[in-house]
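What follows is calculated from the coordinates using simple rules that are stated; it is not laboratory data. These numbers come from a predicted model, not from an experiment.
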């Protein structure tokens, strides 16, 4: 199985599962959540449903066979394959988690 968009400049895919977000004002949890992953060029965006803020402008590097991990300040903690998305991102905007498949 190929990792999403590993060799292409454009990709759109939707992962489903448990997603959460929390900041100083709120906590959002959706056990039937969706995250749409888009890639344009070498930049990925994670578009959440359920009122969760999006994460954009993420870069990735290979981490073994068909697995990619996020790199860059404030966005580390994202691991994506063709069939799964796992996330634990904490930065000054809040904390996102995702345990999703497609």
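Just 73, 16, 31 to compare: in a GNM of the chain, with alpha carbon springs under 10 Å, which one fluctuates most?
Of 73, 16, 31, the Gaussian network model singles out 73 as fluctuating most.
Looking only at 54, 92, 23, which one moves most when the chain is put into a Gaussian network model with springs between Cα atoms under 10 Å?
Maximum fluctuation in the GNM of the chain, among the listed residues, is at 92.
Among 79, 34, 26, which one shows the highest mean-square fluctuation when the chain is modelled as a Gaussian network with alpha-carbon springs under 10 Å?
Greatest mean-square fluctuation among the candidates belongs to 26.
For the chain, compute Rh as the Kirkwood radius over C-alpha pairs and then the Stokes-Einstein diffusion coefficient at 10 °C and 1.306 mPa s; write the answer in µm²/s, rounded to an integer.
Translational diffusion coefficient: 118 µm²/s.
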